[in-house]
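Worksheet: one structure, shown below.
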Ligand SMILES: Nc1nc2c(c(=O)[nH]1)N[C@H]1C(S)=C(S)[C@@H](COP(=O)(O)O)O[C@H]1N2
Ligand SMILES: [Mo]
């Protein structure tokens, strides 16, 4: 079986549309619906035992219960999202806790420059720590005014709007702080390490002549 990266590379890019202004990255098409994409099964949780673990380059490992996280300040973020399989969705609205507000409670060592985001089921993705400190980086609990559906990452997902959406891990369970960078699941499987959609950083290789076939067999809410 050919890899997901190979399949996406073999499909054709859409024509750019001038009306979209600067908001839609090159090679993307807009969708009104909200596709559902993930590996493995949707996890089921007992929220009494659910936790979010903080480990790696920290003075002190910690784990937060859902209640502890829900007591942190909450914000709403309106943003556009961009999936490497070529859909973009404009004006999405999310609520949750800023990553940097959680970070302020942690004793992370100054040497930590990268974060491995750990999620169910056996999913991980790497992000530079600096990229998580922005205004719009959320541990999201709500989408468009309603609690996340289980398929979109309930009870907690990451939102990193400025990178391709695979970096916005659903069902997050831990942040591992790291001195050195290390690739996560898709980053080990042919996808770009950083993943800026406006620079079309889709794949780790050279070949950037792409889209879509995932497109045709997607699930939606
Ligand atoms: N835990 C987990 N998070 C994940 C994934 C996954 O397989 N497992 N897939 C990623 C990918 S590739 C995409 S495009 C988005 C899709 O989010 P959505 O299903 O809410 O649209 O989730 C990301 N987060
Ligand atoms: Mo994706």
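Read-outs throughout are calculated quantities, based only on the coordinates presented, and are distinct from any laboratory measurement. Predicted, not measured: the structure shown is a model, and the values here were computed from it. All Cβ positions, glycine included, derive from the backbone under ideal geometry; neighbour counts span all protein chains shown.
So here's what we get for this one:
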{"quantity": "Ordering of 165-172, 50-57, 103-110 by packing [mean C-beta count within 10 Å, highest first]", "calculated": "165-172, 50-57, 103-110"}
{"quantity": "Residues 116, 47 arranged by fewest to most Cβ contacts within 10 Å", "calculated": "47, 116"}
{"quantity": "Binned Cα-Cα distances of the chain, short to long, each 10 Å bin given as a whole percent", "calculated": "8, 34, 37, 17, 4, 0"}
{"quantity": "Length added when fully stretched, residue 221-residue 179, from 0.36 nm per residue minus Cα-Cα", "calculated": "11.3 nm"}
{"quantity": "Residue 29 paired with residue 59, simple spin-label distance in nm, labels 7 Å along Cα-to-beta-carbon", "calculated": "5.3"}
{"quantity": "Extension reserve of the residue 135-residue 107 stretch, reckoned as 0.36 nm per residue once the Cα distance is removed", "calculated": "8.0 nm"}
{"quantity": "Label point 7 Å beyond Cα of residue 66 along Cβ direction - residues of the range 151-183 with amide nitrogen under 17 Å", "calculated": "151-158, 170-174"}
{"quantity": "Mean-position separation - Cα centroids, the range 123-151 and the range 22-73, in angstrom", "calculated": "5"}
{"quantity": "Potential lengthening between residue 51 and residue 146 on full extension [0.36 nm per residue; Cα-Cα distance subtracted]", "calculated": "32.0 nm"}
